[in-house]
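**Q** Here you go, one structure.
The values are calculated or read from the model by the stated rules, or taken from the named source; none is laboratory data. A quick note: this is a predicted structure, and the numbers were derived from the prediction, not measured. Cβ sites come from the backbone with ideal geometry, for glycine too, and all protein chains shown count toward neighbours.
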Amino acid sequence: MRSLVALALVLLACGDDPPPALSFPALGSLTDPAGADGFRFGVATAATQIEDGNTATDWYVWTQPVADGGLGKGTFVGDAVRGYTRVMEDLGLVAELGVDSYRFSIEWARIEPVKDQIDETAIAHYRAQLEAMKAMGIKPLVTLHHFSNPAWVADPRDSACTAGTSATNLCGFGGPAGATIAAEMGQHAALMAQRFGDLVDEWGTVNEPMNYLVASYGLGFFPPGRASLLDLPKFSAVVRDYIAGHAAMYAAIKANDTVDADGDGVASAVGFSMLTTTWSPSRTNKPSSNPDDLAAAERITYLLHYLFVDAALHGTFDTNLDGTPDENHPEWTGTIDWLGIQYYLRAGVSADRPLLPAPVSVTPCIGGFDVGSCLPALDPTFCVPHMGYEGSTSGIEDILLAFTARYPGLPLVVTESGIADETGTRRAESIVRVLEAISRARARGADVRGYYHWSLTDNFEWAEGYAPRFGLYTVDYATYARTPSEGATVYRDIVHARSVTSEQRARYGGDGPMSPDPSFTDEYCTHN
Ligand code: BGC
């Protein structure tokens, strides 16, 4: 009896033990095999979401009020968070966090507002930014295509595009000028590599290609507002052009960035970032073990996680999106040195009453596709207000392991993860929990070389406008002042110590419910 009591006490004591601290090694290379042990802490932004005066983008004309010549869709991007004129102040925040690297994007529409006319003042601006970063010891990871285009690539106002071609713009991917746009992307990347290659070694060509294309050409809630997802051959032509654009950018950077900016022996490391999601088989609002739903989860994971990466690695294209490649594009082969993984959420997926046609045949239960038949049992403590989805942190462990198994030898880096949150506490939880999951994945063999938090400041969240707050630093939209949230304080401490302490883990980590968010007003959050 006494020994049973002793055993119970020991077990209780073990249960109360704080989790051990997790330490992270110093910055290493993204691609060098010798750098596999390194780990970078970073923070990420994108130009359209932060910069003021981006008047030549498709997003500007898409959201600009009709009275001023735009289409008045969603919230007007306007001057975003004035991140262009405040760039040096914002770099100060990056430095304050102490991160190794800053992932930001260069706005193509600023560099080339009119086709073939280069704006040298914009080049000088980004050059000054990169020089300041060099002086501060912050390594740039530069994205070239993050959801936005110069309006001349696909002006959403141009009705001539509906009929086929337009005299004044290229009318987007998947159309008669799709191959021309891919070539234009390559030329833009060549210019960027020529002008900035002495300061930049790490480049991202495109950001979240599949969900970008679904939003802009599949469902039409991003410019240019096309809805072709139910016509899969049409959608597939869009994807093919975009992969070609990526491959052209890769080749152009490799040919034109020949300077090893940081002396680590690598002149250019080029990759791209995929949005990844935990797709949970579900039916009638409950988790499902129906084999049809399990297969549906596999199909959507293939389409959104792997198809694009397979194309860049193997030079193949799966025209009818059925899981078996049927075209060869040797010029795409090997156009990836590292892969960015971005992770935010869990969503349901079902084979029940499929919304997407064969061979995809699934109902993804998220956003506009939510028909109420297959939401996973939603735990409201994970609901992300304003975004309408169930946030997830620990699920990234399995995602990283799945990519490791499918693409052995391909270095991974978490180029985005974060949460829309008004208190800052959930942001701290998101950071600690994702770092815990990355640590577990690394211990199980995943080659994960870093973590970039999304985002530095609050910003323009595309179709959702300014309501979701993703910033480590909160922006006051009346004065544009930036104030550190609890997430910023916790992340700064982690970065400076290169460790998540036992106390931080006990307070913010684990798998338990997240702290309540006072703005649980979405219908989605109360669904059950
Ligand atoms: C995108 C960002 C976006 C973030 C949060 C990612 O899909 O790359 O532009 O702001 O997620 O939703």
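**Q** When you go through Val214, Val200, Val206 one by one, which is the residue that is buried (at least 19 other Cβ atoms within 10 Å of the Cβ) and either free of Cβ contacts under 8 Å to residues at least 40 places away in the same chain or assigned to a helix (DSSP H, G or I) (or both)?
**A** On inspection, the qualifying residue turns out to be Val214.
**Q** In the stretch 339-356, which residue that is of a type in the set (A, V, I, L, M, F, W, C) and more than 16 Å from the ligand (Cβ to nearest atom) is surrounded by the most Cβ atoms within 10 Å (Cβ to Cβ)?
**A** Val349
**Q** Provide a single number: the residues in the stretch 72-109 that are among the aromatic types (Phe, Trp, Tyr), outside any loop (DSSP other than H, G, I, E, B) and touching a helix residue (DSSP H, G or I) at 6+ places or on another chain (Cβ under 6 Å).
**A** Adding up the residues that qualify gives 2.
**Q** May I pose another question? crowded, with 23+ Cβ neighbours inside 10 Å and hydroxyl-bearing (Ser, Thr, Tyr), is that true of Tyr102?
**A** Judged against the criteria, Tyr102 is a match.
**Q** When you go through Ala481, Ala467 one by one, which is the residue that is surrounded by fewer than 19 Cβ atoms within 10 Å (Cβ to Cβ) and free of Cβ contacts under 8 Å to residues at least 60 places away in the same chain?
**A** Only one candidate passes the filter, namely Ala481.
**Q** Filter the stretch 249-267 down to the residues that are touching a helix residue (DSSP H, G or I) at 6+ places or on another chain (Cβ under 6 Å) and not in a loop (DSSP other than H, G, I, E, B) and list them by number.
**A** Answer for the stretch 249-267, where residues must be touching a helix residue (DSSP H, G or I) at 6+ places or on another chain (Cβ under 6 Å) and not in a loop (DSSP other than H, G, I, E, B): Met249, Ala252, Ile253, Asn256.
**Q** Right, Tyr473: within 11 Å of the ligand (Cβ to nearest atom) and at pLDDT 95 or above or not?
**A** Spelling it out, it is not the case that Tyr473 is within 11 Å of the ligand (Cβ to nearest atom) and at pLDDT 95 or above.
Every residue, every condition in (1) within 30 Å of Ala443 (Cα to Cα); (2) away from the ligand (no atom under 16 Å from the Cβ); (3) more than 19 Å from the chain's Cα centre (by Cα), yes or no:
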{"site": "Gly42", "(1), (2), (3)": "yes, no, no"}
{"site": "Ala46", "(1), (2), (3)": "no, no, no"}
{"site": "Leu91", "(1), (2), (3)": "no, yes, yes"}
{"site": "Ile111", "(1), (2), (3)": "no, yes, yes"}
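**Q** Also, quick follow-up: Taking Leu213, is it among the aliphatic types (A, V, I, L, M) and more than 17 Å from Tyr242 (Cβ to Cβ)?
**A** It is false that Leu213 is among the aliphatic types (A, V, I, L, M) and more than 17 Å from Tyr242 (Cβ to Cβ).
**Q** Among the residues of the stretch 374-387, is there at least one that is farther than 13 Å from Thr278 by Cβ, in a helix (DSSP H, G or I), away from the ligand (no atom under 14 Å from the Cβ) and at pLDDT 95 or above?
**A** no
**Q** While we're looking at this one, here's another question. Only one residue in Ala441, Ala488, Ala437, Ala506 is away from the ligand (no atom under 16 Å from the Cβ), in a helix (DSSP H, G or I) and surrounded by fewer than 15 Cβ atoms within 10 Å (Cβ to Cβ), so which one is that?
**A** Ala506
**Q** Let me ask something additional. Looking only at the stretch 61-86, count how many residues are within 16 Å of the ligand (Cβ to nearest atom) and touching a residue at least 40 places away in the same chain (Cβ under 8 Å).
**A** Of the residues in the stretch 61-86, 7 are within 16 Å of the ligand (Cβ to nearest atom) and touching a residue at least 40 places away in the same chain (Cβ under 8 Å).
**Q** Do you know which residues across the stretch 217-246 are farther than 20 Å from Pro354 by Cα, more than 19 Å from the chain's Cα centre (by Cα) and in contact (Cβ under 8 Å) with a residue 60 or more places away in the chain?
**A** If the condition is that a residue be farther than 20 Å from Pro354 by Cα, more than 19 Å from the chain's Cα centre (by Cα) and in contact (Cβ under 8 Å) with a residue 60 or more places away in the chain, then Pro224, Gly225, Ala237, Val238, Arg240, Asp241, Ala244 are the ones that fit.
**Q** Does the stretch 317-338 include one or more residues that are closer than 21 Å to Ile396 by Cα, in contact with a Pro (Cβ under 9 Å, 6 or more places away or on another chain) and within 16 Å of the ligand (Cβ to nearest atom)?
**A** no
**Q** Taking the options Asp421, Asp458, Asp398, name whichever one is more than 16 Å from the ligand (Cβ to nearest atom) and either touching a Lys or Arg at 6+ places or on another chain (Cβ under 8 Å) or at pLDDT 95 or above (or both).
**A** Asp398
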